[in-house]
Amino acid sequence: MRTHTPAWHTAAPLWSVALQDETRKRFRQPSILRFKTDAFMEELQGVLADRPNQLQNFVARPENWREEAAGWESAVSNAALKLYQPTQQRFYLIAASLVCRVPGLPDKRVASDERTTFVLRRLIDEQEYAWIPAVGWQSVAVCGQICEGEEQLPLFGMGFEQKGQPRRLLAGFVPVASRETFQATASLDPIVAAPDGDPLSEPRMVRFRTEVVTALSLLRDDMPDDAAEAREVFAFALFDLMQFLNVHLKDVRREISRSDGEPIEFDDEDREALHAFLVANLGKSLLQQVWRHEAEIEEGLVNYDDLFDDLSELKLSTGQINGVINDLDIPIPESEAAGTLVTLVEAALPQEDETEQPSTTPTPKLDPRAGSEYVVRCVYERPRCKGLPIVSEPTRAFQLASFFDSDAPARPIRITMPVDTSISGLRKYPKNVSFLLSDELRKQIERVQNIALSDLDSGDINAAQTIDLGMLCSLSIPIITICAMILLMIIVQLLNIVFWWLPFFKICIPLNLKAET
């Protein structure tokens, strides 16, 4: 069965603009999409169905209530990206594509026992911290690439067509509104000392083991029968190795890439030993050739036969590739042994200053203080495969707005008054509903009746009413009260008809009174 190394990239509809970036950094990053309507899911489905190339118009960018903005930026601005809450009519989705690292970057099929999720990470002193419910924020440098118990949020798939080919986009809802909903019961960052020799205690080594060591180990244990396929996987592993050196050991990568001039003298003996080991076991020409094709390999456009045909002596067979991997002393994934290459890389890495211990005060999940930054990473887990989960590059750093953020856009509020004001229409409303118009508003409404727009320009409008009475239209009078009033009025009128003549009669009764003597 032919297998390919999966990788995370930004959403496929954004590839055309992402590849225009010189560094191609955003091509490897999941994107944050921004919507401003409650029907954002229907809006996303409509865009993917009819015009997927227009998805770039929904990429989040810095905005506020004074200047609303969204869309792909040709150059990322230095302004802080702030995500607002649904109550402020802003909704954000993570969008990414899980692909196979082969020409064309086809979508990776996710099996039923596999899952794709994303994690929210907090940045403290440029270090990532993972959220563990009922525990708090914990340094990724302590727990590894994915922390045990870390909150993982689901990604869902959405199909669309791009250039006549079916594609799949993975998206997830960013929980901006949960900033005050979770309370940590432990410290902000309960850092525990990593055991000696723990391979997950150093995030840089976690990346090296995941991208380079695991790939070479799996290739050796399950060597394809097709030599071209084996060279393809081998080329990606070497490319990941050169990328790692370019980020964390630049002097080693520069010395490998140099083809002329006197060799440089390394300031560190460990880096010199690593350089000598790579040149002796892989060959400087092979590593240079792979690094020269960096752009094509990253985009999945390189022809691997041509890559190795450039130097005929490097067109390796499956047996030769297996021998090179053994020479590098790559351990099996379950083994606790480090291996020569891992040991040399770990020793050559520069030491990082220990970060200051955070406060132990209980804290909410999302820091209410201004300026706290977060990133999102997508995760692909394969229980049947050896090695660690496939984790994407982090998204652009962003902040989370509070409920009363002063920069937040205002949600439009529309109060619709009754259209049908007839008796039957008003009966449809509950009896406790009332509509209140102030005296000033009533007078203004009466003044603009039966006038044209030209009258507003000339100031020729009706005069204000002299009677200053507010209007209260209430529908809270019970029907029995109305019936009683009607019946009372009828009875009064009947009595008035019968006894209207009474005031015309004056009855006098004579009294026979005798005066006493």
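Can you name every residue in the stretch 468-493 that is at pLDDT below 55 and either part of a helix (DSSP H, G or I) or in contact with a helix residue (DSSP H, G or I) (Cβ under 9 Å, 6 or more places away or on another chain) (or both)?
Across the stretch 468-493, the qualifying residues are Asp468, Leu469, Gly470, Met471, Cys473, Leu475.
Within the stretch 31-43, if we keep just the residues that are touching a residue at least 40 places away in the same chain (Cβ under 8 Å) and closer than 16 Å to Ala70 by Cα, the residue that is surrounded by the fewest Cβ atoms within 10 Å (Cβ to Cβ) turns out to be Thr37. Reported count of residues in the stretch 386-416, each being touching a residue at least 60 places away in the same chain (Cβ under 8 Å) and outside any strand (DSSP E or B), is 20.
The condition (being in a helix (DSSP H, G or I), acidic (Asp, Glu) and under 23 Å from Pro350 (Cα atoms)) is satisfied by just one residue among Glu232, Glu211: Glu211. Among the strands (runs of 3 or more DSSP E) confined to the stretch 122-174, the ones with at least 2 residues that are touching a residue at least 60 places away in the same chain (Cβ under 8 Å) and surrounded by fewer than 17 Cβ atoms within 10 Å (Cβ to Cβ) are located at 156-162.
The values are calculated or read from the model by the stated rules, or taken from the named source; none is laboratory data. None of these values were measured; they are calculated from a predicted model. FYI the Cβ positions are ideal-geometry reconstructions off the backbone, even for glycines, and counts take in every protein chain you see.
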